[in-house]
Amino acid sequence: MARGGEMTRVKVWDLPTRVFHWTLAAAVAGSWYTAENGMTEWHERLGLSILALLGFRLIWGFVGGRHARFTDFVRGPASAFRYLRETLAGRHPLYLGHNPLGGWSVIALLIVLAVQASMGLFGNDDILYEGPLYSLVSHELSARFTGWHILFFNVVLTLVVIHITAVVSYAVLLKTDLVRPMITGWKQIPVEDAPQRIARTPAWIAAVLFAGCAVAAWALTLVG
């Protein structure tokens, strides 16, 4: 990464990616809160919202803007190890989008959230609540899904803590603000590292995609 010299602002994160990021964070926090306080109906709604968001992100990872695409940040283990080694050595390679380690963190979070929300679809509380897909499995299997759903949240929480710790570490140790760019979309980088153009996908396409994913998630409530 170039040090010193003239800096410039580059629009890295598109609006759909930023809205997805913060909406998902709010939905996960809300899911935890509603589960802790026995708000089962809202917990279900938030779980379905998370599934809709994850479905959107999966599609956006193929058709979205340059830095939202999986091909931009999903790299092999060797690249992740090389990035870690260079960063620990104080060289901190520049990546406009997610770095190789960050890319794997994103994928891990998406997978565990998908597993967590999916298990919730089959759960029940043995009193009043039954998940949208409860009727598709036996009561015994539903009870297992419920148990797994509760226990697996520890995995979700662990990855969230790692994610937050990494963001704080970047800010404190590497003097790199990862939060502001995910709010504004802009990053400050050396002029010589700025790309001539960053490919983008119109936001209206994202709106249509998310609407479709939201309808699909809502349709799950009709299956049972």
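The values are calculated or read from the model by the stated rules, or taken from the named source; none is laboratory data. Note that the coordinates shown come from a computational prediction; the quantities given were computed from them, not determined experimentally. Here Cβ is always computed from backbone atoms with ideal geometry, including for glycine, and neighbour counts include all displayed protein chains. Remember, those area values only see protein heavy atoms, side chains included, never the ligands or the DNA or RNA. Shrake-Rupley method; radii C 1.70, N 1.55, O 1.52, S 1.80 Å.
Going by the structure shown, is A214 open to solvent by less than 90 Å² (accessible area, probe 1.4 Å) and closer than 26 Å to L58 by Cβ? Full working, then the answer.
Numbers: open to solvent by less than 90 Å² (accessible area, probe 1.4 Å): yes; closer than 26 Å to L58 by Cβ: yes.
Yes, satisfied.
Taking helices (runs of 4 or more DSSP H) that fall entirely within the stretch 42-155, which contain at least 2 residues that are more than 25 Å from L15 (Cα to Cα), open to solvent by 20 Å² or more (accessible area, probe 1.4 Å) and free of Cβ contacts under 8 Å to residues at least 12 places away in the same chain? Reasoning before the result, please.
Values: elements: 70-73, 77-88, 100-120.
Qualifying helices (runs of 4 or more DSSP H): 77-88.
Close contacts from the stretch 210-224, counting a first residue that is within 10 Å of L51 (Cα to Cα) and a second that is of a type outside the set (F, W, Y), with Cβ to Cβ under 6 Å and a gap of 6+ residues or different chains, come to C213/A52; C213/G55; A214/A52; A217/L48; A217/L51; A217/A52.
Summed over the stretch 168-194, residues that are open to solvent by 40 Å² or more (accessible area, probe 1.4 Å) and of a type outside the set (S, T, Y) total 16. Applying a threshold of 8 Å to beta carbon distances and a minimum spacing of six or more residues, or different chains, the list of pairs starting in the stretch 4-24 at a residue that is farther than 21 Å from P195 by Cα and ending at one that is among the acidic types (D, E) is empty. Among the residues in the stretch 27-35, are any open to solvent by 60 Å² or more (accessible area, probe 1.4 Å) and within 20 Å of V179 (Cβ to Cβ)? Scanning the stretch 27-35, I find no residue that is open to solvent by 60 Å² or more (accessible area, probe 1.4 Å) and within 20 Å of V179 (Cβ to Cβ), so the answer is no.
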